[in-house]
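To start, the structure under review is shown below, and the notes come after it.
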Amino acid sequence: QFTTRVVSCRAAELRPEGGGEPVRGFQVVLEDTILFPEGGGQPDDRGLIGDVPVLRVTRRGSEAVHFVPAALEPGAEVLLSLDWERRFDHMQQHSGQHLISAVAEQMFGFKTTSWELGRQRSVIELDTPLVTAEQVEALEKSVNEKIRDRVPVTVRELAADDPEVETVRSRGLPDDHVGPVRVVDIKGIDSNLCCGTHVSNLSDLQVIKLLGVEKGKKNKTNLVFLAGNRVLKSIEQSHSTEKALTSLLKNGPGEHVEAVKRLQSSVKLLQKNNLNLLRDIAVLIARDFKSKPAPKQLFVLHRKEGDSEFMNIIANEIGTEETLLFLTVGDEKEAGLFLLAGPVEAVENLGPRVAELLAGKGAGKRGRFQGKAAKMSRRGEVQALLQEFISHQNPEA
């Protein structure tokens with residue numbers, strides 16, 4: 001916690017990180033702050049100003065701007081509270097990145113070009129087209145040895161024109177930077193220009209797990225990692241999944257993969273058999289309709305089980321030169337699929353109206369109009385529309 005004063009408060013909007021409508025609120029600047037504004041690959045802190053939640057902290061020049069949902073009085077003394085769980089997580093990931101980047105460069109000459117602290121996992125972009133599994137294993141072993149060595153992490157400030165700045169690892173300063181520069185030192189391992197938050201000793205990282213590599217931008221490789229409490233949470237999630245699979249598959253964790261492979265093979269075979277049966281049923285339905293002596297101007301069919309291919313087989317078998325077909329598949333009380341087939345002019349005229357009645361969307365060409373329907377329960381209204389159309393086309397029908 002930290003006591004400070006409100007300098008300014010002005011109305012503003014915040015666009016949510018996940019998208020959606022902007023949130024109305026206020027941008028607040030304080031005399032000083034303990035909440036980190038997003039930057040340098042690290043997300044911002046969260047917390048409270050009094051009892052007002054801070055939803056975002058950004059940097060505007062040398063100022064940290066706090067977005068809050070309620071107005072605060074300029075000049076008022078306020079108590080600032082930090083969300084420590086979020087802050088410590090960011091400290092672990094950021095210090096973990098410094099350690100991994102330094103050791104990767106020392107061991108293999110892989111330079112870090114950028115990094116991202118994600119919500120579930122973090123990614124370091126390495127300036128190399130290839131990182132082998134053996135190198136990942138050696139790197140993981142080395143960084144965890146340094147964590148067990150309890151190496152101190154310290155922060156110092158240098159003047160921007162200090163010659164020592166040139167010896168410190170850096171990706172450059174922001175264009176609007178003024179004043180001294182901040183250097184984060186991992187004793188005997190790394191010195192790095194950095195604005196972010198860090199642990200004071202590598203032992204606070206607990207453990208680092210390298211999850212592997214992914215292909216990055218041109219000639220670059222993304223190294224994915226977890227540090228500290230995220231490793232524990234990942235193990236907990238994996239163990240919960242393992243327990244659930246053991247219960248479902250009725251075998252031990254070592255047999256899960258083979259059991260799932262067998263299930264996939266069985267499902268593929270069942271799907272193939274089901275498709276063959278549906279095709280046979282479609283052909284039989286069509287032949288039954290064609291064998292009846294009654295007028296064949298309109299054919300309507302609904303079936304709970306089926307797909308687009310099932311409906312098109314029926315349309316192909318019956319023929320659409322003279323007959324208008326309205327076919328639907330799916331749960332009658334929910335959404336499903338529909339097909340309107342028949343003479344080209346009739347389908348072009350009726351297709352959009354059928355889709356509208358079913359609260360669905362569709363498209364068509366050459367005498368076929370098909371799509372998704374949100375309200376299958378309105379099939380009766382569609383049938384009435386089609387019968388009325390046929391009656392107008394042929395009054396004797």
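The values are calculated or read from the model by the stated rules, or taken from the named source; none is laboratory data. Computed from a predicted model, the values in this text were never measured in an experiment. Cβ atoms come from the backbone with ideal geometry, glycine included; neighbour counts cover every protein chain shown. These area figures cover heavy atoms from the full protein model, side chains too; ligands, DNA and RNA do not enter into them. Shrake-Rupley method; radii C 1.70, N 1.55, O 1.52, S 1.80 Å.
Considering segment 211-234, and only residues there that are surrounded by fewer than 14 Cβ atoms within 10 Å (Cβ to Cβ) and in a helix (DSSP H, G or I), the residue that is farthest from the chain's Cα centre (by Cα) turns out to be Leu232.
For segment 360-371, what are the residues that are surrounded by fewer than 16 Cβ atoms within 10 Å (Cβ to Cβ) and touching a strand residue (DSSP E or B) at 6+ places or on another chain (Cβ under 9 Å)?
Matches in segment 360-371: Lys361, Ala363.
Being within 22 Å of Gly39 (Cβ to Cβ) and not in a helix (DSSP H, G or I) is the requirement here; does Val123 meet it? Criteria met by Val123. Selection over segment 168-184 of residues that are surrounded by 10 or more Cβ atoms within 10 Å (Cβ to Cβ) and out of contact with any Ser or Thr (no Cβ under 7 Å at 6 or more places or on another chain) gives a count of 9. Which residue is surrounded by the most Cβ atoms within 10 Å (Cβ to Cβ), if the candidates are limited to segment 130-163 and must be among the β-branched types (Val, Ile, Thr) and touching a residue at least 12 places away in the same chain (Cβ under 8 Å)? Per the criteria, the residue is Val143. Can you find even one residue in segment 296-316 that is of a type in the set (Val, Ile, Thr), closer than 28 Å to Met376 by Cα, open to solvent by less than 80 Å² (accessible area, probe 1.4 Å) and not in a helix (DSSP H, G or I)? The answer is yes, given that some residue of segment 296-316 is of a type in the set (Val, Ile, Thr), closer than 28 Å to Met376 by Cα, open to solvent by less than 80 Å² (accessible area, probe 1.4 Å) and not in a helix (DSSP H, G or I).
Quick one: which residue in Gly75, Gly40, Gly25, Gly18 is in contact with a Phe, Trp or Tyr (Cβ under 6 Å, 6 or more places away or on another chain) and either open to solvent by 20 Å² or more (accessible area, probe 1.4 Å) or farther than 30 Å from Ile124 by Cβ (or both)? It is Gly25. Just to be sure, is Leu357 in contact (Cβ under 8 Å) with a residue 12 or more places away in the chain, touching a strand residue (DSSP E or B) at 6+ places or on another chain (Cβ under 7 Å) and either within 15 Å of Gln297 (Cα to Cα) or in the same structural domain as Phe289 (by the TED database) (or both)? No, not satisfied. Taken over segment 79-118, the residue count meeting the criterion of being farther than 21 Å from Ser142 by Cβ and of a type in the set (Gly, Ala, Ser) is 3. In a residue-by-residue description of segment 266-278, the property of being within 30 Å of Gln387 (Cα to Cα) and either in contact with a Phe, Trp or Tyr (Cβ under 6 Å, 6 or more places away or on another chain) or touching a residue at least 12 places away in the same chain (Cβ under 8 Å) (or both) applies to at least one position. Residues in segment 364-374 that are out of contact with any helix residue (DSSP H, G or I) (no Cβ under 8 Å at 6 or more places or on another chain) and modelled with pLDDT of 90 or more: Lys372, Ala374.
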